[in-house]
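**Q** Pasting a structure here, questions to come.
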Amino acid sequence: MEQRRLSAVVLAAGEGTRMRSERPKPLHLLCGRPMILHVLDAMAEVAVTRVVVVVGHRAEWVTKTLVQHAPSTMQIEFVEQETQSGTGDALAVGLTGLPDDDDDEEEDVVVLPGDTPLLRPQTLAALVRFHRAGDAGATLLTAEVRDPRGYGRVVHGKDEVVCRVVEEADATDEERAITEVNTSIYCFRRSILAPALRRLTPANAQGEYYLTDAVSVLFSAGYRVQSLVLADPMEAAGVNDRAQLAVAEAELRDRINERWMRRGVTMWDPERTYVDAEVRLAPDVSLLPGVILRGRCVIGEGSEIGPNCILTDTSVGRRATVSESTCDRAIIGHGAHVGPFCVVRPGAEVPDGAVLPPHAVIDAPES
């Protein structure tokens, strides 16, 4: 079973009206990187052979972004859900992007929403292992939460087998009291998934084809359906509005800062240090309070940045210092000293060992 093929379908067709933005919800930035790319980054560390992304609202924008910035090793197929008819319909559309195989090799399909950027690769790998170890037809990633309002509830039968997931709008009072909730992250046996989706109906409060209804379809057909409960419910936190975006951003920044500190970077005050996901830091870098590193900054070994600096897509050499200054798409040489209160503008270069006096403004050389 461990050698079975693994594919993935990412559901990213929704408009995200609660974001109140022209930007498609999957493309809102978290630590400088579009939200859906964090989902793909997690999959890139798992043995996923094929990825289908279901697009819809502003499909061209989403597709172009992923083509340009998705992990280079990942082969992505795009399919469009023209009418927003629910997650069950979205997955049915997504399966059309997976080719029909001539061989009889069994395959599993991971299904994820494009708005769960905090999912860790280790968790996704654990879901697949648990699914295969249980020889399940479907495995749900679930979470135990204190306040389950707004989530689909996971209903168990005998031997902890999952018999159905009920959305809150359709739940009874007893079902609403359940605290194990669905995260909308699944692993399915592919051979039985499409037939299950064909049996879905929109007979619910929203008039949509719920993917969650596939659980009861598979259970009724005699397949094993099980759940894997997350140790950290934050991993499955969805992002539906700006407030939830800020919560996810704070969590992701904490993870980024902790990772760099464990790799030899000093942060005087991690709560006031902001490092984007694509920044690269060498050992013995020191970041003082109020530092913001945006985009693809690269900071060389032994350099000190801060306090109160904003660097965007800037490269800093070894043993340099930048204090209370702004640098945008610039190059700071080895051993250079910049600041305080300097501005290094796009395309400008500060030579090795140079010392910029306070309030200096450096422009790119004229071509």
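Every read-out reported here was derived from the displayed coordinates using simple, explicitly stated rules and does not represent laboratory data. Predicted, not measured: the structure shown is a model, and the values here were computed from it. Note that we place each Cβ from the backbone using ideal geometry, even for glycine, and neighbour counts take in every protein chain shown.
**Q** If you count, for each residue, the other Cβ atoms within 10 Å and average over each peptide, how do 241-250, 24-33, 168-177 line up from highest to lowest?
**A** Working: 241-250: 14.9, 24-33: 21.5, 168-177: 12.4.
So the order, starting with the most tightly packed, is 24-33, 241-250, 168-177.
**Q** So for the chain, averaging the separation of alpha carbon pairs under 8 Å that are six or more residues apart and normalising by length, what relative contact order in percent results? Write down the numbers at each step before the final one.
**A** On the way: 869 pairs, mean separation 46.2, N = 367.
It rounds to 13 percent for the chain.
**Q** According to the Cα gyration tensor, what semi-axes, each the square root of 5 times an eigenvalue, does the equivalent ellipsoid of region 245-340 have, listed from largest to smallest in whole Å?
**A** On the way: eigenvalues 81, 37, 28 Å².
Computed over region 245-340, the values are 20, 14, 12 Å.
**Q** Here is a further query. Can you tally the net charge around Ala70? Count Lys and Arg as +1, Asp and Glu as -1, for every other residue whose Cβ sits under 15 Å from the Cβ of Ala70. Numbers along the way, then the final one.
**A** On the way: positive: Arg33, Arg50, Lys64; negative: Asp41, Glu45, Glu77, Glu278.
Net local charge, Ala70 excluded: -1.
**Q** Determine the percent antiparallel among the DSSP beta bridges restricted to the chain, to the nearest 5. Before the final figure, lay out each step's value.
**A** Working: 18 of 72 bridges.
Taking every DSSP beta bridge within the chain, about 25 percent pair in antiparallel fashion.
**Q** Starting from region 276-367, pick out the GluC sites (Glu not before Pro) whose DSSP state is loop and whose Cβ has at most 13 other Cβ atoms within 10 Å. Display every interim value, and only then the final one.
**A** Working: sites: Glu278, Glu301, Glu304, Glu324, Glu349, Glu366; in loops: Glu278, Glu301, Glu324, Glu366.
In loop regions of region 276-367 (DSSP not H, G, I, E or B), the sparsely surrounded GluC sites (Glu not before Pro) are Glu366.
**Q** Considering only DSSP states other than H, G, I, E and B, which chymotrypsin sites (Phe, Trp or Tyr not before Pro) in region 206-304 qualify as loop sites with at most 15 other Cβ atoms within 10 Å? Please list the in-between numbers first.
**A** On the way: sites: Tyr209, Tyr210, Phe219, Tyr223, Trp260, Trp268, Tyr274; in loops: Tyr209, Tyr210, Tyr223, Trp268.
For chymotrypsin sites (Phe, Trp or Tyr not before Pro) across region 206-304 that sit outside H, G, I, E and B with at most 15 neighbouring Cβ atoms in 10 Å, the list reads Trp268.
**Q** Which trypsin sites (Lys or Arg not before Pro) from region 130-175 combine a DSSP loop assignment with at most 10 other Cβ atoms within 10 Å? Before the final figure, lay out each step's value.
**A** Values: sites: Arg132, Arg146, Arg149, Arg153, Lys158, Arg164; in loops: Arg146, Arg149.
When the trypsin sites (Lys or Arg not before Pro) of region 130-175 are filtered for loop state and at most 10 Cβ neighbours within 10 Å, Arg146, Arg149 remain.
**Q** Right, something else. When DSSP assigns beta bridges and you keep just the ones with both residues in region 1-137, what percent turn out antiparallel, to the nearest 5?
**A** Working: 2 of 20 bridges.
The antiparallel proportion sits near 10 percent.
**Q** Which of the following values of mean projected area of the Cα convex hull in nm² was calculated from the structure shown: (1) 22.3; (2) 21.0; (3) 18.0?
**A** Computed from these coordinates, mean projected area of the Cα convex hull in nm² corresponds to label (2).
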